[in-house]
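Enquirer: Take this structure, written in structure tokens, and hold onto it; I'll ask about it next.
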Amino acid sequence: MIRIIALVMLVLVSCEVHAQNDEKPKDPVELILIAEDLGNATRLMAVYDLDEDGFVDRSELKRVSWREQVKDFDFNRDGKLCHLEVAVHEAKLRFDVGITEQDVNSAKAKLRRRDKNKNGQWDPEEIDSGLPNGSPSDYDRNHDGIVTLTELTHHFAYARGLRRELGIEAVDHSGAGYYFQKFDANKDGKLDSDEAAKTLLPMKRDDFDEDSDGMLTIVELETMLSKHRRTLGLTKTDQQQVNGLFRMYDMDADGRIPGREMQLSFGGRNPKQLTEYDADKDGTVTRSEVEKVFAEQRRIKGYDEQDYSKASKMMLRHDTNRSNTLEIGELFLSPETGQLPQTVMGRADLNQDRQISMDELAKYYAAQRR
């Protein structure tokens with residue numbers, strides 16, 4: 001992936017070498033060029049670059065449907081577009097409809113599993129054999145009887161956006177997917193009472209059975225996992241670590257790691273690392289016990305990934321002597337936009353040592369949000 005600021009510089013150099021190779025997002029750094037954008041640009045160049053000189057020039061631009069926007073992507077203002085400039089346009093289109101690289105990759109993987117004749121789409125006979133977790137209308141946007149990669153990509157982008165509106169993050173989605181992979185024995189896209197009973201679900205199943213059919217769909221389970229995570233105060237990273245621990249050591253995926261499984265997992269070595277989570281000392285570590293430890297650690301830290309990310313950026317910006325702390329001389333008496341004032345020292349220096357650590361800066365940003 002290439003961020004747009006670096007990309008613009010690359011475009012200017014690349015176009016110059018070849019001659020002798022945005023709505024812009026609110027923050028241009030948000031726009032990222034992915035392989036799909038480059039591939040789409042290659043196809044467009046094949047269509048529009050009739051003289052094959054590596055540019056879509058003024059005469060060739062007359063055939064481009066978005067020619068009125070060309071000036072927004074002609075970064076070196078030479079009146080023509082090279083491959084990378086076209087790729088930036090493709091990235092912009094994708095950005096505007098909220099499609100990410102994750103959506104593209106998920107769509108490609110799903111397409112391959114059902115595309116028996118390898119023609120890059122789902123044909124009617126491939127659709128008629130039955131679609132998992134949805135009907136044909138969920139995917140076939142133009143109702144022409146086939147499902148293309150573009151339609152699948154839009155489906156994944158829409159579903160991800162819908163999950164985000166419900167407070168469901170990628171870690172909740174992958175967690176639910178893991179449950180379904182392990183326990184949806186008949187592969188009907190639902191967990192019935194018998195299937196759900198084989199693992200420790202974190203909350204009451206009936207509270208999330210929206211259609212009261214006695215079964216959980218993947219969205220219903222995602223909603224449960226999301227609410228449980230947010231109730232505990234776990235961040236996405238916290239939950240990923242918990243999930244990773246249980247995928248590694250919970251042999252039968254039932255949400256419990258008994259002493260025997262611990263011994264097997266550690267190859268007979270001392271399983272002290274896991275037994276420390278065993279709050280009730282019954283010889284079994286449950287997912288709930290581990291999550292409570294992570295939640296308490298997060299409470300003590302007092303900040304989340306968003307706060308830590310912002311602190312990291314500001315540390316890089318201000319820490320000129322690379323001491324991993326901010327000193328008064330690295331802050332500004334008369335700060336400009338994006339700079340920290342010296343008055344921050346009094347609010348963020350919690351231990352009063354005249355330095356602001358990364359931890360203290362993250363806590364400072366967390367306090368600003370409250």
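Enquirer: Among the candidates K118, K80, single out the residue that is assigned by TED's automatic domain parsing to the domain that holds R160 and modelled with pLDDT of 90 or more.
Expert: On inspection, the qualifying residue turns out to be K118.
Enquirer: Follow-up. Among the helices (runs of 4 or more DSSP H) contained in the stretch 257-359, which hold 3 or more residues that are at pLDDT below 95 and among the β-branched types (V, I, T)?
Expert: Here the list reads 287-301.
Enquirer: Next question, about the same structure. Considering (1) more than 30 Å from L162 (Cα to Cα); (2) outside the structural domain of A35 (by TED's automatic domain parsing), say which one S135 fails and leave the rest.
Expert: Here S135 meets the rest and fails (1).
Enquirer: Inside the stretch 31-140, counting only helices (runs of 4 or more DSSP H) that do not spill past its ends, which hold 2 or more residues that are surrounded by fewer than 17 Cβ atoms within 10 Å (Cβ to Cβ) and of a type in the set (A, V, I, L, M, F, W, C)?
Expert: Hits in the stretch 31-140: 35-48.
Enquirer: Q240 is checked against (1) out of contact with any strand residue (DSSP E or B) (no Cβ under 9 Å at 6 or more places or on another chain); (2) farther than 12 Å from D172 by Cβ and fails just one. What number does that condition carry?
Expert: Only one criterion in (1) out of contact with any strand residue (DSSP E or B) (no Cβ under 9 Å at 6 or more places or on another chain); (2) farther than 12 Å from D172 by Cβ is unmet by Q240, namely (2).
Enquirer: Another question about this same structure. Please give the number of the condition L234 fails out of (1) part of a helix (DSSP H, G or I); (2) at pLDDT 90 or above; (3) hydrophobic (A, V, I, L, M, F, W, C).
Expert: (1)
Enquirer: For the stretch 187-233, enumerate the residues that are of a type in the set (S, T, Y) and surrounded by fewer than 16 Cβ atoms within 10 Å (Cβ to Cβ).
Expert: S193, S212, T231
Enquirer: Determine if the stretch 307-328 includes at least one residue that is in contact with a Lys or Arg (Cβ under 8 Å, 6 or more places away or on another chain), surrounded by 14 or more Cβ atoms within 10 Å (Cβ to Cβ) and either among the hydroxyl-bearing types (S, T, Y) or closer than 30 Å to G233 by Cα (or both).
Expert: For the stretch 307-328, residues in contact with a Lys or Arg (Cβ under 8 Å, 6 or more places away or on another chain), surrounded by 14 or more Cβ atoms within 10 Å (Cβ to Cβ) and either among the hydroxyl-bearing types (S, T, Y) or closer than 30 Å to G233 by Cα (or both): present.
Enquirer: Give me a count of the residues in the stretch 152-202 that are over 20 Å from the mean Cα position of the chain (by Cα), in a helix (DSSP H, G or I) and either at pLDDT below 90 or closer than 18 Å to A109 by Cα (or both).
Expert: Final tally of qualifying residues: 2.
Enquirer: T343 versus (1) buried (at least 18 other Cβ atoms within 10 Å of the Cβ); (2) hydroxyl-bearing (S, T, Y); (3) out of contact with any Asp or Glu (no Cβ under 8 Å at 6 or more places or on another chain): which is the lone unmet condition?
Expert: It is condition (1) that T343 fails.
The values are calculated or read from the model by the stated rules, or taken from the named source; none is laboratory data. Small disclaimer: the values here were computed from a predicted structure and weren't measured. FYI the Cβ positions are ideal-geometry reconstructions off the backbone, even for glycines, and counts take in every protein chain you see.
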